[in-house]
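Heads up, the thing below is written out as structure tokens.
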Amino acid sequence: YKRQSLQRSMRSQAYSLRRMAERLARSPDTDLTHWRDDARWYVDDHPGMIAIGFYNAGRDSVEWINTEEAAPILVGRDKLRTLLREVSLSNDELILSHPGEFQGNSSHFILASPVNKQTGTFVVALFQGSALLTGVISPEYLQHFHLDVSVDGSHLYQSTDQRTLFHRYWAVNQSLDIMGKPWQLTVWPTRYYYTDIRANLQDMVLVAGLIIATLLMYASQLLERTALSARRLAE
């Protein structure tokens, strides 16, 4: 279910970005005034999207509309250059970059769509792994399960860097394809979930014991009645 939620979220955001690029492409002159208002709405409305930029590959310039979470990433201009170069070399209508540098528990990646391939103009959306996953997956789920996400072999997000016995014995791997790139999700229970299961199991054992005791009592009474009936028949 969480895998499908992540797929739907990314596809929805990708198609929204494509529609933005197509609107800009239909304008005789690229009007960034309207684009700025549109971009601000996109950033505020889409989970995990922390910035939208208008990228001119020829001039190697980007104008960003961003949230506060994006500021540290955008300051490191050199770190984004590799991702932007990967975008500018692709011929696809929707381009998903590899994750950038992994920091803390998360990385970032770029989703882009060309406005005009001849002039090398694109709209690009910057995503942060932790913001994306916490926007798609409920906090209650992450309280019960740890999550590790990689994109095409590069780390995007991890809820913990600890690999306990729960990971060794109970981890489940799931794969999905998002815009031509393989995403790998690994899920395993938290200690809180294990404790909760044990508490529920104790309740279940108690209930099951009461049911078995009731059945034994009923069986004992039935046997006693059967023996009494047999004696009466014998008499």
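The values are calculated or read from the model by the stated rules, or taken from the named source; none is laboratory data. Bear in mind the structure is a predicted one, so any value in this text is a computation, not a measurement. Virtual Cβ from ideal backbone geometry, glycine too; neighbours counted across all protein chains shown. Remember, those area values only see protein heavy atoms, side chains included, never the ligands or the DNA or RNA. Shrake-Rupley method; radii C 1.70, N 1.55, O 1.52, S 1.80 Å.
The table that follows gives values for the structure above.
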| read-out | value |
| --- | --- |
| Of residues in segment 172-191 being open to solvent by 40 Å² or more (accessible area, probe 1.4 Å) and touching a residue at least 60 places away in the same chain (Cβ under 8 Å), the one farthest from residue 112 (Cα to Cα) | 174 |
| Unique match (being open to solvent by 20 Å² or more (accessible area, probe 1.4 Å), touching a residue at least 12 places away in the same chain (Cβ under 8 Å) and closer than 20 Å to residue 184 by Cα) among 116, 105 | 105 |
| Tabulated pairs, segment 142-167, first without any contact (Cβ under 8 Å) to a residue 24 or more places away in the chain, second β-branched (Val, Ile, Thr) and assigned to a helix (DSSP H, G or I), C-beta under 9 angstrom, 6+ apart or interchain | 142/134 |
| Selection status of residue 137, of a type in the set (A, V, I, L, M, F, W, C) and under 28 Å from residue 58 (Cβ atoms) | no |
| Residues located in segment 38-89, provided they are crowded, with 18+ Cβ neighbours inside 10 Å and part of a loop (DSSP other than H, G, I, E, B) | 46, 48, 57 |
| Selection within segment 121-171 - open to solvent by 30 Å² or more (accessible area, probe 1.4 Å), among the acidic types (Asp, Glu) and not in a loop (DSSP other than H, G, I, E, B) | 140 |
| Members of segment 24-37 that are assigned to a loop (DSSP other than H, G, I, E, B) and either open to solvent by less than 20 Å² (accessible area, probe 1.4 Å) or touching a residue at least 24 places away in the same chain (Cβ under 8 Å) (or both) | 30 |
